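Participant: Take this structure, written in structure tokens, and hold onto it; I'll ask about it next.
What follows is calculated from the coordinates using simple rules that are stated; it is not laboratory data. Remember, predicted model here, so these are calculated numbers, not experimental data. Cβ atoms come from the backbone with ideal geometry, glycine included; neighbour counts cover every protein chain shown.
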Amino acid sequence: MKPIYEKETFGRGLMLLPFNDNILYGHGGDTYGTHSIVSFNPKDNIAISFSINGELFPSNDFAIGILSIMYEKNYDFPKFKK
């Protein structure tokens, strides 16, 4: 079900999710103001899954934050106003 790296973005159900020198495979979806994603890095045998409610903070930025922390990359946490 995986895409062929450097030839496809989508496979037969899974998407290619590159993050720095890591390649994760997964899929996401939206419904009624929520976004969910599940992904797997076969190199490190690590899976991640999350659901986010609302779009005050974009789900892609949320995923980048989580992956940055997991892979010990620099990450500036957002500053939310009241």
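Participant: Every residue in the stretch 31-44 that is more than 19 Å from P3 (Cβ to Cβ) and loosely packed, with under 11 Cβ neighbours inside 10 Å, please.
Facilitator: Within the stretch 31-44, T31, Y32, G33 meet the criteria.
Participant: Right, something else. Considering only the stretch 39-68, state which residues are among the aliphatic types (A, V, I, L, M), more than 16 Å from L14 (Cβ to Cβ) and either in contact with a Lys or Arg (Cβ under 6 Å, 6 or more places away or on another chain) or assigned to a helix (DSSP H, G or I) (or both).
Facilitator: Selection gives I64, I66, L67.
Participant: Can you tell me which residue is nearest to I64 (Cα to Cα) among those in the stretch 1-26 that are assigned to a strand (DSSP E or B) and touching a Ser or Thr at 6+ places or on another chain (Cβ under 8 Å)?
Facilitator: The residue in question is L17.
Participant: So, one more: If I go through the stretch 1-59 residue by residue, how many of them are polar (S, T, N, Q), out of contact with any strand residue (DSSP E or B) (no Cβ under 9 Å at 6 or more places or on another chain) and under 25 Å from F77 (Cα atoms)?
Facilitator: 1
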